[in-house]
């Protein structure tokens, strides 16, 4: 089978590898669609923080946003059948340690992350995954591979405690930010403001549920939002841009005793915000990693139309055209849409 294997920074190539087999408790999937996100670009380029720290190692097959069809099930697997359309969670724990037993398997110190940390991902024709990590769906594969980033938005909304009637702001108008807007609305937020740099993405954000948008390049975002909010600052701010500037904005905007949920992350710039506003306002600063325990809910929301991912489906490429696909993803010309690779095409 063909696989796009990365041997180090800027050292990826298509190789021919044996088709894997499903062992006990495992499932073999024919991969139909893989979304390329910023994490993949970091790994391919050699600047992902987990590789710099030595936690993760090359070689690896990237691709954690994937969808495919079951072609083989191993012994003891009863949750899926041959022919089912499935997606798979990224964080896979040992299921034996205290974190896994408490439901926080995505933080397992002995675990792996599909296509990210020490487990091959979906940029290959066939992929093996533990059955316990899989979820069935009834979506086109090019949309289903966006279930993973959508689930991150849902997890951010859940962890931040967004509920009916809340006000929320999302900083970042990429795919994750747009999905966080929808997640906040699905959680019952009465008003959601989207802050970003791109007018076209902000317009899309309004179509996807944002009540207000602010372009932080054309205005002083903090000043503009402070005026818009008046004395009613948002109870929750989700930082989905991955920059020190975005975190500063979030901490300036959030209400006292409010929550800032940090989804984005940049290893390229230091974070130097003073602790004074965090302590003085008793602001709760939350890290959001992955999306445990919320995939069935995410799939249900997308299948029923409560969340919409179709506008985020970008250009589609065959695996042999990976260099062209990577160039498109790196260029930013696809906007907030995901570049999709179809390994089985």
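Condition first: in a loop (DSSP other than H, G, I, E, B), crowded, with 22+ Cβ neighbours inside 10 Å and touching a residue at least 24 places away in the same chain (Cβ under 8 Å). Can you find one or more residues in segment 65-88 that meet it? So far as segment 65-88 goes, no, none of its residues is in a loop (DSSP other than H, G, I, E, B), crowded, with 22+ Cβ neighbours inside 10 Å and touching a residue at least 24 places away in the same chain (Cβ under 8 Å). For segment 302-321, a residue qualifies if it is over 23 Å from residue 173 (Cβ atoms) and surrounded by fewer than 20 Cβ atoms within 10 Å (Cβ to Cβ), and the qualifying residues are 303, 304, 318, 320, 321. Residue 100 meets each of the listed conditions (1) buried (at least 19 other Cβ atoms within 10 Å of the Cβ); (2) within 29 Å of residue 320 (Cβ to Cβ); (3) out of contact with any strand residue (DSSP E or B) (no Cβ under 9 Å at 6 or more places or on another chain) apart from (2). Scanning segment 236-255 for residues that are assigned to a loop (DSSP other than H, G, I, E, B) and either touching a strand residue (DSSP E or B) at 6+ places or on another chain (Cβ under 7 Å) or on the phi < 0 side of the Ramachandran plot (or both) yields 240, 241, 243, 254, 255.
Filtering segment 316-338 to residues that are more than 22 Å from residue 85 (Cβ to Cβ), under 19 Å from the mean Cα position of the chain (by Cα) and outside any helix (DSSP H, G or I) leaves 332, 334, 335, 336. Across segment 24-59, what is the total count of residues that are loosely packed, with under 13 Cβ neighbours inside 10 Å, farther than 22 Å from residue 330 by Cα, touching a residue at least 40 places away in the same chain (Cβ under 8 Å) and out of contact with any helix residue (DSSP H, G or I) (no Cβ under 8 Å at 6 or more places or on another chain)? Number satisfying all stated conditions: 2.
Restricting attention to segment 10-23, which residues are free of Cβ contacts under 8 Å to residues at least 24 places away in the same chain and outside any loop (DSSP other than H, G, I, E, B)? Scanning segment 10-23 gives 13, 15, 16.
Within segment 256-266, being part of a loop (DSSP other than H, G, I, E, B) and either more than 20 Å from residue 223 (Cβ to Cβ) or free of Cβ contacts under 8 Å to residues at least 24 places away in the same chain (or both) holds for 257, 263, 264, 265, 266.
Against the list (1) in the same structural domain as residue 115 (by TED's automatic domain parsing); (2) modelled with pLDDT of 95 or more; (3) within 25 Å of residue 117 (Cβ to Cβ), the condition residue 330 fails is (2).
This table checks each residue for (1) touching a residue at least 40 places away in the same chain (Cβ under 8 Å); (2) outside the structural domain of residue 242 (by TED's automatic domain parsing); (3) not in a loop (DSSP other than H, G, I, E, B).
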| site | (1), (2), (3) |
| --- | --- |
| 99 | no, yes, yes |
| 162 | yes, no, no |
| 176 | yes, no, yes |
| 195 | yes, no, yes |
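Suppose we filter segment 282-301 for residues that are closer than 30 Å to residue 4 by Cα and surrounded by 17 or more Cβ atoms within 10 Å (Cβ to Cβ); how many remain?
Qualifying residue count for the region: 9.
Has segment 225-235 got any residue that is in a helix (DSSP H, G or I) and crowded, with 24+ Cβ neighbours inside 10 Å? Within segment 225-235 (the criterion being in a helix (DSSP H, G or I) and crowded, with 24+ Cβ neighbours inside 10 Å), the answer is no, since none of the residues qualifies.
Residues in segment 111-124 that are touching a residue at least 40 places away in the same chain (Cβ under 8 Å) and surrounded by fewer than 20 Cβ atoms within 10 Å (Cβ to Cβ): 1 in all.
Scanning segment 101-110 for residues that are touching a residue at least 60 places away in the same chain (Cβ under 8 Å) and under 18 Å from residue 25 (Cβ atoms) turns up just one, 105.
Provide a single number: the residues in segment 267-281 that are assigned to a loop (DSSP other than H, G, I, E, B) and surrounded by 10 or more Cβ atoms within 10 Å (Cβ to Cβ). Matching residues across segment 267-281 total 8. Selection of segment 182-200 for residues being surrounded by fewer than 19 Cβ atoms within 10 Å (Cβ to Cβ) and in contact with a strand residue (DSSP E or B) (Cβ under 9 Å, 6 or more places away or on another chain) yields 190, 191, 197, 198, 199.
Here residue 170 meets each of (1) part of a helix (DSSP H, G or I); (2) closer than 17 Å to residue 264 by Cβ; (3) in contact (Cβ under 8 Å) with a residue 60 or more places away in the chain with one exception, condition (1).
The values are calculated or read from the model by the stated rules, or taken from the named source; none is laboratory data. The shown structure was predicted, so the numbers you read here are calculated from the model rather than taken from an experiment. We place every Cβ from the backbone using ideal geometry, glycine too, and count neighbours over all the protein chains shown.
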